[in-house]
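Each remark here refers to the structure printed beneath this line.
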Amino acid sequence: MAARKCCALSSLEVVLTVLFVAMTAVSVTLISMTAMRATNTCPTPPPSPTPPPGPEPSFLIGVGRADCTGPPAELPLMGYANPQQTAAGIHTRLFSRAFIVDDGRRRVVFVSVDVGMISQRLRLEVLKALQAKYGDRYRQDNVLLSGTHTHSGPAGYFQYTLFMITSKGYLKSSIQPLVKGIVKSIERAHDSVRPGRIFKNRGRVDASSVNRSPHSYRNNPRDEQNRYDDNVDKDMVLLKFTDMDGDGIGMLSWFAVHAVSMKMNNRLVSADNMGLAAYLMEEHKNPAALPGQAAFVAAFSSSNLGDVSPNVRGPHCVNSGLACDYLNSSCPDGGTKACQAFGPGGDMFDSTRIIAHNIFTKARELYTNAAEEVTGSVHSAHQWVNMTDVTVDINDTHAVSTCKPALGHSFAAGTTDGGGDLNFTQGAVEGDPFWDGIRDALLGEPSNQTQECHRPKPILFSTGEMKFPLPWHPEIIDVQIVTVGSVAVVAVPGEITTMAGRRLREAVQQELRSGSSGAFVYADVVIAGLSNVYTHYITTYEEYQVQRYEGASTIYGPHTLSAYVLKFGQLAHAIAQDQVGSLPTGPPPPFFQKNLFNLLPAAAIDGKPDNSSFGDVLQQVLPVYRQGDVVSVTFVAGNPRHSGDVRDQSFVAVEMHNNASDSWTLVHTDASWETRFHWLKGSAQQSNATVEWHIPPNAAAASYRIKHFGHYKSMKGLRPVITPYHGTSDVFRVVHTFYSE
Ligand code: ZN
């Protein structure tokens, strides 16, 4: 959707045009200097002890994984807010991975979901389903949901207007598989609970992350920057879960990088780099299992990734190859859109693979060597907070406050991981009369109070003052901390930048360490990003002043981080003093029943070429391939949306022939990295499915065939009928490269 010369745009067009550009491709020094000094004087953790002899059960542990893939066709993908980026097939499936830890008195649940972010609506629906099944066992305070931030999963699971507009509405077909998949993963974890032990480890992941807003980062105090070697956090923190025999049952890790190795022109549902890392670890532990079916559960969770890109070659002007403007990330030839970050691979699939391998390789090493046992009890603390109205005293005479939500102009510029289409650039601290005029005419002018509160942000959308047909942004948010032994997991409801995350971790760590019980003297604090409710970005006060994408998307204003430091600090204090019960619950968030809208038309009936049937092969395989080749076969297909709930199904089967038994063995599904299921919509309601198999180097020399499964919709009189179909390719052979005919 390009910017148009004509000003006579319809109101919807303008709203959509502006809104679609750049949704997510993305405190002040209130953090007291005493806090910083305190860190340096705090006790250093002891060297990793060897596990004590003789297994004493530390915890009860359960792990579970479930498919949460939604309809892989026509739904927008959540992340880049690119209206052309609708789903058209599957590269890898999306999974929810749940971990339950119980100390005999209390229980906590951590869930990492292959999803752009957890929305408030998604969390509320999950909690309702858990309540129906388990009563008060799993609640808002002891269940933590975190998204991996893949930008290649179906959108439409939000109840606030801004997100509904960019997602074609609130889509039941999108949210239901997520709710069911998340709940199923928790059920499986619940059913697998057994005595076990936990070990932790930490290590540096290189060559996998860069700061995409270094100009903002450099606005942080020099002293503070000097405390760190890098402008992103490169440490991975990992928990290893074993049963009492020492057999591994799962692992959970946190690492800060955007899951945007797959770019905004990708149309395939994909779990991106973090999801592939999970596949690889699970495959490493259970080599015979198909993706998503291993007993071992490995989760790679997001962290303080707000300004962290996996596109490690950094941004360049695509037309000239020269560096982009440093502040604005724009190019003389092509503007914001032309400034794009790539790498490290030759294409986005290759980049995804490389980043995933780097993360997986480090996790495998940390897992293997994890020796420091986590012992003690578990805690969880949670509050709902009205984030539009938090006041923080910064000294005896001065207090600051958060604001009603608003997005700045640079929000519409997007990032170097996926830029906006219009003439917005990052780093804008002045409005644009053209866009401001349109905004005022259609959506209303931001109030003086909101403008003042967000300064120096030039407000593009005063979302906190926009209520039609439902509020455009949340006011009530979740703050939550769960602890397992001395490990504290801070559930941040958005994308927190590197430095903001460091400040928050330190504040929480200081509160925990000051606890009277002494249980947290060696507290290890990790941030779980994109948790519980989505509120865009959280920068430091200094980064906010620069108003790049992340600052423009810090929706509660310049003191957002201060408010989180205060609120999470209170939770940490309550945990450390064992006074969680005295925390006020806070105002519960709304659960909207009316005025949710759906702009996605129902999928039409399916057409097919004359004299053909659904599942017929349109383009056949070749007779012989070598490892490294790509097998491709195209079928007459139905719309994948007609397959309904696609969880635990597959549109694809790659089967290998066993000569001895004259039978076929399933070797890949549509969840496999090696397969790509492309759905192509044609004219006259006809569509094709092309299945690719990228033959891996370890594929056995054998005969194979590829199957495609689907459903088509037809009319029987006035009644729509859904009918399953499948198709099968010719048999082909894979031969080793040294083979000659
Ligand atoms: Zn993001």
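Annotations for the structure displayed:
- Which listed residue is within 16 Å of the ligand (Cβ to nearest atom), under 22 Å from the mean Cα position of the chain (by Cα) and of a type in the set (Val, Ile, Thr), from 297, 312, 308: 308
- One residue stands out in region 60-102 among those that are within 16 Å of the ligand (Cβ to nearest atom) and at positive phi: the one that is surrounded by the fewest Cβ atoms within 10 Å (Cβ to Cβ), namely 81.
- Residue selected from region 475-499 under the condition more than 19 Å from the chain's Cα centre (by Cα) and within 19 Å of residue 557 (Cα to Cα), by the criterion surrounded by the most Cβ atoms within 10 Å (Cβ to Cβ): 499
- Between 523, 519, 563, 576, the distinction of being more than 16 Å from the ligand (Cβ to nearest atom), of a type in the set (Gly, Ala, Ser) and closer than 23 Å to residue 118 by Cβ belongs to 563 only.
- If the condition is being open to solvent by less than 50 Å² (accessible area, probe 1.4 Å) and over 14 Å from residue 636 (Cα atoms), then region 707-722 contributes 714, 721.
One line per residue, one yes/no per condition, for (1) surrounded by fewer than 24 Cβ atoms within 10 Å (Cβ to Cβ); (2) away from the ligand (no atom under 16 Å from the Cβ):
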site	(1), (2)
104	yes, yes
119	no, no
125	yes, yes
128	yes, yes
131	yes, yes
138	yes, yes
156	no, yes
174	no, yes
185	no, yes
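- For region 729-736, the condition of being part of a strand (DSSP E or B) and either open to solvent by 50 Å² or more (accessible area, probe 1.4 Å) or in contact with a Leu (Cβ under 7 Å, 6 or more places away or on another chain) (or both) holds for at least one residue.
- Test: residue in region 530-540 that is open to solvent by 10 Å² or more (accessible area, probe 1.4 Å), more than 21 Å from residue 118 (Cα to Cα) and at pLDDT 95 or above: no
- Condition check for residue 170: at pLDDT 95 or above, open to solvent by 10 Å² or more (accessible area, probe 1.4 Å), more than 16 Å from the ligand (Cβ to nearest atom) and out of contact with any helix residue (DSSP H, G or I) (no Cβ under 6 Å at 6 or more places or on another chain): no
- Selection from region 557-578 of residues that are assigned to a loop (DSSP other than H, G, I, E, B) and at pLDDT 95 or above: 557, 558, 559
- Qualifying residue in region 336-358 (condition: closer than 30 Å to residue 193 by Cβ and surrounded by 20 or more Cβ atoms within 10 Å (Cβ to Cβ)): yes
- The helices (runs of 4 or more DSSP H) found entirely in region 120-223 that carry 1 or more residues being of a type in the set (A, V, I, L, M) and in the same structural domain as residue 340 (by TED's automatic domain parsing) are 120-134, 161-166, 172-191.
- Reported count of residues in region 698-719, each being assigned to a loop (DSSP other than H, G, I, E, B) and over 22 Å from residue 677 (Cβ atoms), is 4.
- Scanning region 540-558 for residues that are within 15 Å of residue 401 (Cα to Cα) and within 14 Å of the ligand (Cβ to nearest atom) yields a total of 2.
- Taken residue by residue, region 686-698 has at least one member that is among the charged types (D, E, K, R) and surrounded by 15 or more Cβ atoms within 10 Å (Cβ to Cβ).
- Count of residues meeting criterion [open to solvent by less than 20 Å² (accessible area, probe 1.4 Å) and not charged (D, E, K, R)] in region 436-464: 10
- Scan of region 217-245 for residues that are charged (D, E, K, R) and open to solvent by 60 Å² or more (accessible area, probe 1.4 Å), ordered by number: 218, 222, 223, 227, 229, 235, 245
- Hey, residue 591 open to solvent by 10 Å² or more (accessible area, probe 1.4 Å) and not basic (Lys, Arg) or not: yes
- Reported count of residues in region 643-679, each being assigned to a strand (DSSP E or B) and either in contact with an Asp or Glu (Cβ under 9 Å, 6 or more places away or on another chain) or surrounded by 15 or more Cβ atoms within 10 Å (Cβ to Cβ) (or both), is 17.
The values are calculated or read from the model by the stated rules, or taken from the named source; none is laboratory data. Treat the numbers as computed from the prediction; the structure is a model and nothing was measured. Methodologically, a virtual Cβ is constructed for each residue, glycine included, from the backbone with ideal geometry; neighbour enumeration extends over all protein chains shown. Heavy atoms of the whole protein, side chains included, go into the accessibility calculation; ligands, DNA and RNA do not. Shrake-Rupley method; radii C 1.70, N 1.55, O 1.52, S 1.80 Å.
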